[in-house]
Amino acid sequence: MTRTRSMAAALAVTAALAGCSTSGTATPASAPTTTDATVTTERAEPTPTTPTTTSSAVEPYVVGSTRVTGSTERATYDVAIPQLSGGNPAVTAEFNESMRAALQDQIDDDYGYDFALSDGYSTGTTYVGRRVISAEQITDWIAVPPGAHGNSLIATVTIDADTAQPISLGDAFTDLDSGLSRLSERAAEILPTTRAGDSFERSGIEPTVANFGNWTASPEGMNIHFGDYQVGAYGIGLISITVPWTDLSDVLAPGMQDVLSS
């Protein structure tokens, strides 16, 4: 991410685009705008999640969204991103800033084409636990002028609700390489049970941060979100798997399972 102190969000943003050039740099032409009020993607008033509080929160966290619109030299965008209100102000601010920065990374990236960003064809989930807040953002990307079809961009943010700091894969595991190897091993076992099937693309689960950087926390385990083309053909759609915490407990950093599974 563009904010240097948010290493986690920087690792958690990856664009799943096939055949795009990496030349050139998008130059902002005008400042983005956001709505004044936090709203849901259906533009209704936000509603509380369950569970809604952390040990340090005075009032419940409320999950909603805000719409960000604007343009740069190469991009136009009109995207709703998850946002929080209530709860611990430091946690709320860190989450909201991290989600906004994740979208900005997508806006500023160079895909080799002029492009437009809009709401994804599916909505990522936002999980509010006792000690963690974790969200997936799905954004639709399409070239301008449009090609055969667009692609989905994925970004994820996970915030420690005790410290109000992002959690990266490097934070989650005692040894990053060992953690990535375990995720790769378990993904190879789980993916055949998904739409990707037995013939999934194995290069998409090599033990690298790029392949596993899009992850979110849940009580059941670490959710890994694969982009278009990452583990199979475009037609299979976006694939997510959950690696149970019991399969990761020996490679997670001390105390991290308690936080991420809360």
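The values are calculated or read from the model by the stated rules, or taken from the named source; none is laboratory data. Note that the coordinates shown come from a computational prediction; the quantities given were computed from them, not determined experimentally. Backbone-built Cβ (ideal geometry, glycine too); neighbour counts: all protein chains shown. Accessible surface is based on the protein model in full, side chains and every heavy atom, while ligands, DNA and RNA are left aside. Shrake-Rupley method; radii C 1.70, N 1.55, O 1.52, S 1.80 Å.
Please work out which residue is surrounded by the fewest Cβ atoms within 10 Å (Cβ to Cβ), limiting yourself to segment 204-260 and to residues that are of a type in the set (G, A, S), closer than 23 Å to W141 by Cα and out of contact with any strand residue (DSSP E or B) (no Cβ under 8 Å at 6 or more places or on another chain). Result: G235.
Which of the following residues is surrounded by fewer than 19 Cβ atoms within 10 Å (Cβ to Cβ) and hydrophobic (A, V, I, L, M, F, W, C): A135, A164? Every option except A164 fails the conditions. Residue-level analysis places A155 outside the set of residues that are in contact with a Pro (Cβ under 6 Å, 6 or more places away or on another chain) and either assigned to a strand (DSSP E or B) or not polar (S, T, N, Q) (or both).
Here Y113 passes the criteria (1) modelled with pLDDT of 95 or more; (2) over 14 Å from the mean Cα position of the chain (by Cα) except the one numbered (1).
Residues that are in contact with a Leu (Cβ under 9 Å, 6 or more places away or on another chain) and outside any helix (DSSP H, G or I) were ranked within segment 167-200; the one that is surrounded by the most Cβ atoms within 10 Å (Cβ to Cβ) is I167.
Within the bounds of segment 155-172, is there any residue that is modelled with pLDDT under 95, small (G, A, S) and within 17 Å of P82 (Cβ to Cβ)? Looking for residues that are modelled with pLDDT under 95, small (G, A, S) and within 17 Å of P82 (Cβ to Cβ), one finds none in segment 155-172, hence no. Tell me, which residue of segment 48-72 that is out of contact with any strand residue (DSSP E or B) (no Cβ under 6 Å at 6 or more places or on another chain) and modelled with pLDDT of 50 or more is nearest to N96 (Cα to Cα)? Selected residue: V58.
Select from segment 97-132 the residues that are assigned to a loop (DSSP other than H, G, I, E, B) and aromatic (F, W, Y) and write down the one among them that is least open to solvent (accessible area, probe 1.4 Å). That would be Y111.
Just checking, does segment 139-150 include any residue being under 23 Å from G235 (Cβ atoms), in contact with a helix residue (DSSP H, G or I) (Cβ under 9 Å, 6 or more places away or on another chain) and part of a loop (DSSP other than H, G, I, E, B)? Looking for residues that are under 23 Å from G235 (Cβ atoms), in contact with a helix residue (DSSP H, G or I) (Cβ under 9 Å, 6 or more places away or on another chain) and part of a loop (DSSP other than H, G, I, E, B), one finds at least one in segment 139-150, hence yes.
The test for being closer than 24 Å to A253 by Cβ and out of contact with any strand residue (DSSP E or B) (no Cβ under 6 Å at 6 or more places or on another chain) holds for G170. Which pairs turn up if I take residues in segment 71-91 that are over 28 Å from D114 (Cα atoms) and look for partners that are outside any loop (DSSP other than H, G, I, E, B) and modelled with pLDDT under 95 with beta carbon separation below 9 Å, at least 6 apart in sequence or on another chain? The qualifying pairs are G86/P48.
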